[in-house]
Each structure stands twice: as structure tokens, then as C-alpha cells.
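The values are calculated or read from the model by the stated rules, or taken from the named source; none is laboratory data. Here the structure is a predicted model, which means the values were calculated and not measured. When we count neighbours, we look across all protein chains shown, and the Cβ atoms used for this are built from the backbone with ideal geometry, even at glycine.
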Amino acid sequence: MRSFASLWMTLRRALVLAFISGAFFAATAPSVASSPAQAGPSPALTVKDDLGRTVAVPAAVKRIVSLQAEITRLVVALGAGGELAGIDYTMRRHDHLFKYIYPDEARLPVVSMAENNVNLETLVSLKPDIIFASPFEKQIVEAIQRKTKIPVVALASLGDTAKLADELKLVGRILARERRAEELAAYFSGGLGRVRDRLKDVPAGRKPRVYMSFWGSLTRTPIRYDPVAIAGGLNLAEKAVPDVLGSAGTTVNVERIIAWNPDVILVHGNYLPAERTVTVEGILGDSRFASLKAVKSRKVRYTFGFWNWWDMAEVLLETEYLAALFYPERFPAFDLGRRCDEIHKMFYGLDGGFAKLSAALGCDEWTHD
Amino acid sequence: MTRKQRVLGWLVILFPFVVFFISLSVGVVRIPLGDVFKALLSPVFPAMKEGLPENVLGIVLGVRLPRLLLAFLAGAGLSVSGASLQALSRNPLVNEYILGISSGAAFGASLSIVIFRQSFPPQVSAFLFAVVAVVIVLAISRKSDSPIVSLLLTGIIVSAFFSALLSLVEFFASPYALQGLFYWLMGNLGWPGWGALSISLPLMAAGTAGLILMRWRMNVLSMSDEEARALGVNLGREKLIVVILATLVTSAVTSVAGIIGWVGLIVPHLVRMMAGVDNRRVVPLSAALGAGYLILADDLARGLAASFEIPVGIFTSLIGIPFFILLLRKSKRIWL
């Protein structure tokens, strides 16, 4: 009897996991077009979001609720943090840097719980002009809009960093901050472009082979990780599962990692140090991995670019950091602390970004050799 | 016992040992049996290391050996627990999960993974809550006029209660922790290294050995209570010992490998079809067949695709259930 329940639980979890993974990359690119007003008396934009929905948004957005952490950070980067009326549970609980990036965050009420469970009464009471939501599930997005009568735009790059600049411009247009959006998009694209330029002549056979231990598991690994690809690395798990499954990651076995013999191992570091179940020290001290090139050369490092969403500042910083790690001879002047400060100043006006990042996540390991 | 049953019995006993050794050469990296043999002997005879590729020692001794030992003992332990509890309850559908052991262990592990993280290892937490679940079941059911029926019903209720608590933890879990929890709950033999196994394997071995030693008593326990008492058996004490040993084994397995379903239900039935209902044979043969079955299922889990791994708990269900249905249709009776 328990076994029937056990089977059902197993299948249910498999489906939920497939959904979580699949949703990560499943969306289409957003677009925007000027159009006659549909909501309220002022002229509006008509936006096509990442679910392919057409949403009419008011021209003057003064109050914003973001249920999508990626967009919350973009809103702050665009200088519209003061217009945030509420944030989501993930942002409050799992973004350990947000309090530095936006010191007023403590004033913002949390309007959702885990797994997209939104408190509609709280949401309505905040009277937002627009709600940014995650495109993880269409029904939830449409239900929120139908019940609250507030336009809901579902946006997220969902693993594709090439979409981040477009997404930024779209949010900038919705919030009437086009110039700031253009400035940040140019800074972001320019930074990634410089890395690409310096690495464009690296032959495929010379690219470092990279394994990533993610999501608190030694054997869970992302099959797509743009900062590694842009920084001239080869993600060993890239073709591990067929594209049609839409998975964000896969599980390999320890033997597979040994057989791959990676040049570099990256460990997901966006956990508080006390919460880390996989650590750089643990891998370096694991006798099973003693023969690996990455362990012998001590190229086992934390990575901080991916949270459960992408942040433009962290993507840029991590791409530059990985490029310098993979090809130190091509980036001899790279200074992690200085670039971390510069990038966070540019996006968030944050001073001393590296010191704060290090303090929050114990990430001074970044600089270890 | 017929000659055919005797021969079949010896084949079943040999089965896990043969599969164990062959499986040491199965995996992502192709390692000839000769090299496997040298790697196994190298800790005692260091000269054996000569000529072996650098990663072979790490793979055989550090990856495959602990994994196969875990599969061996987990398969044996879950099967013996299932067989023992079926005999005890005189109910063919009872298995090691019916007493809430698995749900308690799963909840305990989820608390550790999602909330306590590093400060409280999932193995310890899973074990503690498995014991809590069984203690609750025993405490509620022992005063009933019909202890076995009460035991089963209470087990289902407690199991449902801990499943609800597990859902609550899942609800609050971070996206990172949720992924780890999902995979843990699906059952996987590949994660624990020697460190985690140094506690769990002795517990599994001790519990399984204890149940095997009690096999003749299970014949008495599977009689009616009046008959058993007439034979001078202290029913309460004997049943409690069986339940405690089954809890020990199941919680030790669940704490390191997650939930691996159906082994404890299917294997004892297969053994009874082959060797009859005498628990003196059913219990040890279940251990042997269960060990071999889980090793084979894990071979499939880690060997079916070169670049990814499917949790073994999915395989034990996917293979076991159709096979079980086929056997039931063919035999047209429940063996107990």
C-alpha cells in the first residue's frame, strides 16, 4: 500500500522536477510595441511577454510589484527601486546581496511564498500599476491578472544571457527609463564582447573542460551555463541530455566526473557558507578525485553568477572572472576586487561591492590559488 | 524441500556475489575484470597497483565498491525487512514502509536538507524521525484488541502524517534545496562515500543479520497468537524485536539512499513462489535475491546512459511492478 503511494510520490516528484527544469529554458523572447491605450486613460504600451501573452500596461508606472527576482534586480538597476511596492519570497529569503544593492528592501512587503503561491489580498492592497511575474507557469500568471485586474507581465531570460539586454530594455521602456536601460545594456554587452574578442582565436581543442557541481549536489550539473561558454570554457555536461527535454541540468555519477577528468571544477557558491553541502575544500580533499587535473592544479573554485535567476552584474563579473581563470595569460591585468566594485557601482551604485559580496557569501575563496 | 528447490536456493544464494563482482567492471569507464581484481587486492598487496591506469583505483575502490556494498546491503536489508514484517503481520501487502518508517525518514532528511543544512546530517535526522514514526505507531497500536490490524492502520495514518509534514517542508524549501530533496527522495545509491557509509552499512548489516537469525521464530510469529503462545513464545517481545530490527535497516537505508520502493514487497513474494513459505528459507533467500536485484537495478541506473544517471528508485518501481503483476497473473494466488 505504501509502495503505491511511494510510486505516485516518485512520479509526482519526477514531473515537478521536470517542470522546474523545463520551465527554466522554455520561454520565448519578449517583444514590445507601442499601441493605443487599453488600461486606464493614459496611453499604454502593448507588451508581448515570455509566455507569448500580449499585455497592455499603463504608460505611467508608479507602483511595481515584482514576483520575479531577476526583474526586481533590473528594476533597482534602472533606478526604479523606490517604485517597488512589494517583492517575492525568493528575493527576500535567498538573495543575500539585495540588502546591499537596495538598502530600503526591508520596507517592502513580501507578497508570495515558495512555489509561486501569491497572496492575492496583499497584492491587491498594495495597488500596483504592474506586476512582474515568473514565466514558470502560465495559469498562475493569468489567474493573478484575472483576479486582481492588474496587468501581469511574465519575464525572465531563463538561462539565456543573450536575452538579458533585451529584457532590460523592455523593462526600461515599461518603466520609462529607456536611456538608463540603453546605458546598462551597452555596458553589459560591451563587457561580454571584450571577453569574446580576446578569446575568438582560441582553438576548440585548447578550451578548458569544465565540470560544474550545482544546486548543493556534487552530481547535479547545469547543461547550459553561458558565463563558461563566453569565457571560452567547455561545459562537459552540455550535451548530456537531449535538448527536446528542456532540462536545465542533469545528474551524473561520480564515475562520470572522474572519466571526464575536468581541467576546472566550479562549485555553486550562492549559498551562505553554513548552508553549503558541497565545498571546494571537500572536493580538493576527496580521495576519489585525487587523480583529476582540476584537483592537481587546484582549479576548483566557487561560482556566483547564477542564483535561481540571472543577474546582469553577476553574469558580467563571473564571465570576466572565469575568462581570467581559464586564460590568465590573456587577462593578465584582471583584478577581481576592482572589477567587482566597478560593475556593482555601475549597475547598483554600490560602493565596496567586493567586500560586501565576500562578507555575505564568504567568497574570498575566489582569489585563492 | 524438493531437489529443484534446493538447487534453486543455492543459485539464489550465489546470485548476488556473482553480480557484485561482475558489476565492479560495469560503468562509464570500461575496466577489465583482471584490473578490478588487482585494484581490490592493492590495499593488501601494493605491488598490484603497478600497471593500473591512474583513475582505476579511484573508480573501483572509491566509487564502485562503496556503491555496490550499499546496493548489496540495502537490497538485502529491505527484502528481509519486508519478508519479516509480512510474516509478522500475516499480510502479503505489508512492507517496510507501512509502519511509517520511510515517511518518517524522508521527513527527517528533508528537515536536514532544507532547514538545518550542515548542522544536522540527513542520515542522523532520517534515522531519528524513522524511529519516532515507529514509536508512535507502536504506542498507538499496542493497546488495541486487534494489534496487527491496528498496527497497519496506524502505520498508514502516521505515514500520511509525515508525508504531509514533508510536503510542508517542500513548500517552504528554497529552489536549490528543493532540487536536492527531490533527487534524494527518488532514491540514489551513488552519493554517499565511505564516510557516510561507515555508519550506515554496519547498521544495515546488523539489522539484516538479526532478522536472519530470527527466521525460525517468524514461523511461530506468523501463526495465530493463541498457537504461538501455546508454544511458549513471548509474542510482544518477539514482535517488538522484529519491528525494531526492520526499522533499523530501513531507516539506515533511507538515510543514505533515499526512498527505494517495492524491493521489500516484490522480492519476498518471488522467493515464496520459488521456495515455499517456510521463513527459515524465505528470509535468507530474500536477502540474497534482494541484494542481487538492487545491484542489477543500480547497474541499469548508472549504465543505461553514458552521460547522466537515473535515480535507482525509479528503476526498482518500473522493473518491479510489471514483473510483479505478471507473476501474480501467472500464479493466481498470494503466497504467504
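If you go through the range B:109-124 and keep only what is hydroxyl-bearing (S, T, Y) and without any contact (Cβ under 8 Å) to a residue 24 or more places away in the chain, you end up with B:S112, B:S119. Of the helices (runs of 4 or more DSSP H) lying entirely inside the range B:41-158, those containing at least 2 residues that are away from chain A (no Cβ under 12 Å) and farther than 30 Å from B:A275 by Cα span B:101-110, B:122-141.
Could you count how many residues in the range B:273-314 are free of Cβ contacts under 8 Å to residues at least 12 places away in the same chain and more than 10 Å from chain A (Cβ to nearest Cβ)? Number satisfying all stated conditions: 1.
Within the range B:237-271, the set of residues being without any contact (Cβ under 8 Å) to a residue 60 or more places away in the chain and of a type outside the set (A, V, I, L, M) comprises B:R237, B:E238.
Residues are listed down the side, and each one gets a yes or a no for (1) of a type in the set (S, T, Y); (2) buried (at least 23 other Cβ atoms within 10 Å of the Cβ); (3) at pLDDT 85 or above; (4) on the phi > 0 side of the Ramachandran plot:
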position	(1), (2), (3), (4)
A:Y225	yes, yes, yes, no
A:A237	no, yes, yes, no
A:S247	yes, no, no, no
A:I257	no, yes, yes, no
A:L272	no, no, no, no
A:E281	no, no, yes, no
A:E318	no, yes, yes, no
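Per-residue answers, yes or no, for (1) modelled with pLDDT of 80 or more; (2) more than 20 Å from the chain's Cα centre (by Cα):
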| position | (1), (2) |
| --- | --- |
| B:R117 | no, yes |
| B:F120 | no, yes |
| B:A130 | yes, no |
| B:I136 | yes, yes |
| B:A139 | yes, yes |
| B:D145 | no, yes |
| B:I148 | no, yes |
| B:G155 | yes, no |
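Applying the criterion of being without any contact (Cβ under 8 Å) to a residue 24 or more places away in the chain and part of a helix (DSSP H, G or I) to the residues of the range B:1-13, the residue that is nearest to B:G292 (Cα to Cα) is B:L11. Residues that are of a type in the set (S, T, Y) and without any contact (Cβ under 8 Å) to a residue 24 or more places away in the chain within the range A:49-97 comprise just one, A:T54.
The criterion of at least 1 residues that are of a type in the set (A, V, I, L, M) and closer than 30 Å to A:L292 by Cα is met by the following helices (runs of 4 or more DSSP H) wholly inside the range A:108-216: A:178-199. Inspect the range B:168-175 for any residue being within 11 Å of chain A (Cβ to nearest Cβ), at positive phi and surrounded by fewer than 22 Cβ atoms within 10 Å (Cβ to Cβ) and give the result as yes or no. Within the range B:168-175 (the criterion being within 11 Å of chain A (Cβ to nearest Cβ), at positive phi and surrounded by fewer than 22 Cβ atoms within 10 Å (Cβ to Cβ)), the answer is no, since none of the residues qualifies. If the condition is being surrounded by fewer than 24 Cβ atoms within 10 Å (Cβ to Cβ) and closer than 14 Å to B:I321 by Cα, then the range B:270-303 contributes only B:L270. In the range A:90-107, how many are among the aromatic types (F, W, Y) and part of a helix (DSSP H, G or I)? Adding up the residues that qualify gives 2.
Of all residues in the range B:185-198, which are more than 9 Å from every other protein chain (Cβ to nearest Cβ), assigned to a helix (DSSP H, G or I) and buried (at least 17 other Cβ atoms within 10 Å of the Cβ)? The answer is B:A196, B:L197. Scan the range A:362-369 and tell me whether some residue there is surrounded by fewer than 18 Cβ atoms within 10 Å (Cβ to Cβ), under 22 Å from the mean Cα position of the chain (by Cα) and touching a residue at least 40 places away in the same chain (Cβ under 8 Å). Yes, that holds for at least one residue. Criterion applied to B:A87, B:A106 was being of a type in the set (G, A, S), surrounded by 18 or more Cβ atoms within 10 Å (Cβ to Cβ) and either free of Cβ contacts under 8 Å to residues at least 12 places away in the same chain or farther than 22 Å from B:W216 by Cα (or both), and the one residue passing it is B:A106.
Evaluate the following for A:R301: is it more than 8 Å from chain B (Cβ to nearest Cβ), crowded, with 20+ Cβ neighbours inside 10 Å, out of contact with any helix residue (DSSP H, G or I) (no Cβ under 6 Å at 6 or more places or on another chain) and not small (G, A, S)? Yes, satisfied. Looking across the range A:257-305, just one residue is part of a loop (DSSP other than H, G, I, E, B), among the aliphatic types (A, V, I, L, M) and without any contact (Cβ under 8 Å) to a residue 24 or more places away in the chain, and that is A:A290.
If you go through the range A:79-89 and pick out every residue that is surrounded by 24 or more Cβ atoms within 10 Å (Cβ to Cβ) and not in a strand (DSSP E or B), you end up with 1. Checking A:L266, A:L218 one by one, the residue that is more than 10 Å from every other protein chain (Cβ to nearest Cβ) and in contact with a Phe, Trp or Tyr (Cβ under 9 Å, 6 or more places away or on another chain) is A:L266 and no other. The single residue among A:A143, A:A186 that is surrounded by fewer than 19 Cβ atoms within 10 Å (Cβ to Cβ) and modelled with pLDDT of 90 or more turns out to be A:A186. Of everything listed in (1) part of a loop (DSSP other than H, G, I, E, B); (2) crowded, with 23+ Cβ neighbours inside 10 Å, the single unmet condition for A:N308 is (2). When the range A:95-109 is filtered for residues that are within 14 Å of chain B (Cβ to nearest Cβ) and either surrounded by fewer than 21 Cβ atoms within 10 Å (Cβ to Cβ) or under 24 Å from A:K127 (Cβ atoms) (or both), only A:H96 remains. Looking at the range B:130-167, which of its residues are buried (at least 22 other Cβ atoms within 10 Å of the Cβ), within 27 Å of B:G195 (Cβ to Cβ) and free of Cβ contacts under 8 Å to residues at least 60 places away in the same chain? Correct list: B:A133 only.
Filter the range A:217-235 down to the residues that are free of Cβ contacts under 8 Å to residues at least 40 places away in the same chain and in a loop (DSSP other than H, G, I, E, B), then identify the one that is nearest to the chain's Cα centre (by Cα).
Step one: filter the range A:217-235 for residues free of Cβ contacts under 8 Å to residues at least 40 places away in the same chain, giving A:219-221, A:223, A:229, A:234-235.
Filter once more, keeping what is in a loop (DSSP other than H, G, I, E, B): A:219, A:223.
On the way: A:T219: 20, A:I223: 15 Å.
By that ranking, first place goes to A:I223.
When the strands (runs of 3 or more DSSP E) confined to the range A:12-78 are screened for residues that are farther than 30 Å from A:L350 by Cβ and at pLDDT 50 or above, those reaching at least 1 such residues are found at A:31-35, A:44-48, A:54-58.
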